[in-house]
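Here's the structure we're looking at; comments come further down.
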């Protein structure tokens, strides 16, 4: 399982990288952490004529606080850096919680935040989490910058708004609103496998303790992350209770998703997992939201 | 004298393995070595209309390409690994063996069509993509039941159907028993395919040295000597011109016992043709298509009992999936038959076996080798019978165990060794009682289980006794030599894939010769060092090679004593062997080192007594009359999340009786590893094919091997019922861990979902499948 | 450690990006080589440098047999190109200990029978080096999670876990 031949560039600046991408277009692939791309090359499922290695572009790796108290991440920031960063733990605890569940330690040594987003695997935690956190992605090309909200960025399986000559360079996350709790629930056969089904949730309570906003994003249920809009509508303004969570979970399971069957799970089993995990995610999120209030 | 057998001695071979200094096949590096890659079929069944290699040959770095056509007269199928038994009447058997490269048509996804030889593997794989093949896809035989329907497409066009073998055998008078039975239970049992998936994929390096007319082969095989013999025969060489080395092997588990794989014939052949060393290393993706698999069977089973729970008979009509070829004969289904009556005294048995060709990779034994299927069968039927009879499942089993006084116990059927199956020895009840005690079985059934269920937990317990036929012949041999340095060399024909032979076999020698383990140098798997033997398979290494080593060590000891007696002028009875010396008992200063003794035994000058053999060396062989039957009991408590159907094993207990234990540390390791594989086979691993026999999960991301988070801590206890069949009293244990696990899972899950009336008649399972089965049950109600 | 010349892995290709000049430190020794950019780090270590202790089990990043340390971090060497290691430090199992001088973790594996065929072992050892540094007193659960990215087909993991506990004990003395 050896990779096919390719022309190789390893620029040290974003500008250089963009020049290569502009020149080669569809023939080129950006190489970030390589933990998804290189297996595909080894299987010869992908055979790009040109590989643009981003690993020497220091500018793309950073974790900073934004002016409004949110988070600003460089696309080449590695998972292990995100995992161990106190700023992330403080500003985006949902990401901090997800990290140990993303693949294995060895994969996280190399894998990058931006790489995971650009790859857009429907089973990827960070894809769903970025939607739940209302992240914004900055894409750069020689023509300029485009920005997309996470919920508008993912178009289908392994497909995003990225044009061939564009690079995802930065991710910004808004600050967590007050009285907000979060949860990541997933079921996988083995701890580091892709989830059979997963839920990333963010729930904000108002002063009365009712649900002001709920962003429930399901992953591994189809072609991409799915925001549970009907469940959200059900939860809006309601007082949290086990019955409410159960009802919302049922709605998510039966109305918000149309899961696929594959060799690992049937559609009906996936619905069952959506039902269970959504309920658990709501319980955890609200619990945490209450804790943040105190 | 110090005892070595039975001691938890650390392994000799560890330091090299731990520091990356152990040679595996892919580590072999020879000047001018070329690399091979295969073009393998993407179709499960298709005619090969044309193969165009011109473009591929033009790629720089490509040295040669071969197809079946280009092999000319030197292309031939086979050889087969195992012949069908001649001793059973009315057997139909069609032998169809694997081919080096596909000719005319391909019969399974992954069958090799062409081989590219290039300067490195990267280029070879590039060139594989340059090869243009015209296929005419044919209808696919993917299902073993549909394969036998009239009008089904034929895997082998020269046969009237996809029937590879039909064989009937039994014992007693099943129909008479049926007429008198109070309870008759019928079920259809469905078991699906899995892979061995050793961490090291297969590989071969062949080096033909034209000047010395000698061929050296490194092969990840469990059977280096038969490979040597087969390759020599195929290439028209003398056996002495061929050396096969099975160095350190990264796990065998059965498929590396298959011989001769197409690659094992091709790579040496090409080396001779090109006069250059050639290396082929299987990659993981290939391993799913090019290395054998196992386990698919469908049984229509029936059990007969009295109302008091005495089993009167068991019968099963079953289909066994052989895949595209049947080089391994009937080994697996015969093992299934040998174990279909489990540990029980069942006077009437009837089996009707049909082996079926399908367009899938051919099947050869994987750890358990058909035994798990037999145990699954009987244990399922017993659990269902227990419910029907309203009896405790354990009590039902106890009532039917073969009692200790019945040994040797004849099953009266033919087993995989082509002989009538006899269980040599056994004492099953204490093993079951011990396992039950270790897991607090009664306490769980009466108190703990109900208490946990009242708390809302879904918990289940299982306890499964099993037997394991081991230690089959034909034979193995060993040569032991004491060197003038005092070090002892042991050479034997079996290979090693992690079982610790270097240590456990050394213990057998140390016990006789009083030498430290570290001074015993063991060579396994090198035909230049020892060229008689069959290989490591069927849990026979310790029994057969171990006993050959034991016999050889005794002979060397005799020579030592005889010569030392002469030199020390002391009768043999007063001599002892300790710490590498021969000493006069109670007179320590009257001694001679084994090394010096060896030097004395090999004089450069002078006269010797006629008939004297030089040195302190002996060769001995051991061939058991029949296999020794080990047994054991596994018990488990599991908890299921009723919403997600994810399973957690809370406790796992093993009682193992494999006769004399050579090294408990090594034995425990074998048990743990076997259980881990069994857990995989029960709840994680399944080769998933679609209706075109395309494998859908050909990667380790999708074929789920248990990790450290899926395998629990396993508590192991040992009992020792010595085998009367060999001087060491030992039985095999290599496969034991894996054998009862699927049956155990089924029982424990049924116990957990007893309220829902869950009945499990298939393996493997998964949370998804469990969910479906429970839903089906729900909608039945 | 002296340089080892390995097998020629350089294809003469008409369409090629050109050989890449690589400078890499492996087990504290610096090597200069020219490599094809698509040469995997795993193949580079094994066949170019002759360090065959790192084993290849899958080449898709799942089995963990090829795990080495890259600037101190455990990585899958089958999921990196050698050129990406230019200017970096790699440690393989050969840098951990020798037959006569086993590293404390290696010794613990020997004492606790933490290996059978030994194929997955180097990958597990290299995974454990940074793990035990960060977790000097790991629980059984933590150990199992730490090695869950390394598949072993032989041992059932129990003796491996015992070995890690023993290593931790010995390292703390």
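Only the coordinates and a few stated rules stand behind these numbers; no lab work does. Since this is a predicted model, take the numbers as computed values, not measurements. Positions of Cβ are backbone-derived with ideal geometry, glycine not excepted, and every protein chain shown enters the neighbour counts.
Some observations on this one:
- Taken over region C:12-95, the convex hull of the Cα atoms encloses 88 Å³ per residue.
- Anisotropy class of region B:488-623 from Cα gyration tensor, a/c 1.5 cut: prolate
- Cα-based Rg of the protein assembly as shown normalised by 2.2 N^0.38 Å, two decimals: 0.95
- Considering only alpha-carbon pairs that sit under 8 angstrom and 6 or more positions apart, the relative contact order computed for chain B is 16 percent.
- Over chain C - Rg/Rh using Cα atoms and the Kirkwood inverse-distance radius: 1.01
- Taking every residue in C:59-71 and counting other chain Cβ atoms within 10 Å of its Cβ, the average works out to 6.
- Sequence-distant contacts, meaning Cα pairs under 8 Å at least 6 residues apart, place the relative contact order of chain A at 16 percent.
- Using just its DSSP H runs of length 4 or more, each adding -39500 (n - 2.57), chain B gives a mean residue ellipticity at 222 nm of -7500 deg cm²/dmol after division by all residues.
- Normalising the Debye intensity of region A:7-53 to I(0), with uniform scatterers on Cα atoms only, and taking log10 at q = 0.25, 0.26, 0.27, 0.30 Å⁻¹ returns -0.89, -0.95, -1.00, -1.13.
- Counting every other Cβ atom within 10 Å of each residue's Cβ, C:52, A:19, A:160, B:92 order from fewest to most as B:92, A:19, A:160, C:52.
- Of all DSSP beta bridges confined to region B:203-255, the antiparallel ones make up roughly 60%.
- Intensity falloff of region A:180-293 expressed as log10 I(q)/I(0), Debye formula with alpha-carbon point scatterers, at q = 0.15, 0.16, 0.18, 0.20 Å⁻¹: -0.57, -0.64, -0.79, -0.95
- Temperature 4 °C, viscosity 1.567 mPa s: under these conditions the Stokes-Einstein estimate for region C:104-172, based on its Kirkwood radius over C-alpha pairs, is 112 µm² per second.
- Across every pair of non-identical alpha carbons in region B:364-472, the mean reciprocal distance, once inverted, gives a Kirkwood radius of 16.2 Å.
- Short to long, the 5 Å bins of the Cα pair-distance histogram for region B:672-757 hold 3, 12, 14, 17, 15, 15, 11, 7, 4, 3, 0 percent of all pairs.
- Share of alpha-carbon pairs per 5 Å distance bin for region B:289-402, given as whole %: 2, 12, 23, 20, 15, 11, 8, 6, 3, 0, 0
- Once divided by 2.2 N^0.38 Å, the Cα radius of gyration of chain A becomes 1.01.
- Per residue of B:116-124, other chain Cβ atoms within 10 Å of the residue Cβ number 5 on average.
- Over the residues of chain A, the helix contribution to mean residue ellipticity at 222 nm works out to -9500 deg cm²/dmol, using -39500 (n - 2.57) for each DSSP H run of at least 4.
- With only the Cα atoms considered, region B:410-467 has a convex hull volume of 112 Å³ per residue.
- In summary, region B:574-732 shows an alpha-carbon radius of gyration equal to 1.75 times the 2.2 N^0.38 Å reference for compact globular proteins.
- Each of the peptides C:35-48, A:55-68, B:263-276, A:223-236 was scored by the mean count of other Cβ atoms within 10 Å over its residues; in descending order, highest first, they stand as C:35-48, B:263-276, A:223-236, A:55-68.
- Distant alpha-carbon pairs in region B:436-498 (separation over 16 angstrom), percent: 71 percent
- Rel. contact order, % - alpha carbon contacts under 8 angstrom, at least six apart, region C:12-95: 36 percent
- With Cα atoms, 0 to 90° folded angle of helix C:121-134 axis to chain C main axis: 70 degrees
- Relative intensity, log₁₀ I(q)/I(0), of region A:153-239 from a Debye sum that treats every alpha carbon as a point, q = 0.17, 0.19, 0.26 Å⁻¹: -0.91, -1.03, -1.22
- Centre separation in Å (Cα based) which lies between region A:105-145 and region B:713-762: 47 Å
- Computed over region B:1-141, the P(r) tail beyond 21 angstrom holds 62 percent of alpha carbon pairs.
- Rounded to 10°, Cα long-axis angle of helix A:14-24 versus longest principal axis of chain A: 70 degrees
- One quarter of the convex hull surface built on the alpha carbon atoms of region A:189-242 amounts to 4.7 nm², the projected area averaged over directions.
- Structural size metrics of region B:229-337, computed from C-alpha coordinates, are Rg and Dmax of 20.8, 72 Å.
- Between region A:1-62 and region B:290-318, the alpha-carbon centres lie 56 Å apart.
- Spatial offset of region B:539-572 relative to region A:213-284 amounts to 72 Å, using the alpha carbon center of each.
- With both residues required to sit in region B:629-756, DSSP beta bridges show an antiparallel share near 65%.
- Each peptide in B:69-75, A:172-178 receives the mean, over its residues, of other Cβ atoms within 10 Å, and ordering these scores from highest gives A:172-178, B:69-75.
- The calculated Kirkwood hydrodynamic radius for region B:179-273 is 15.4 Å, given to one decimal from all distinct C-alpha pairs.
- Sorted largest first, the spans of the alpha carbon positions of chain B along the three principal axes are 92, 75, 51 Å.
- The antiparallel fraction among DSSP beta bridges confined to chain B stands at about 80%.
- On the principal axes of its alpha-carbon atoms, region A:1-155 has extents of 43, 36, 29 Å, going from largest to smallest.
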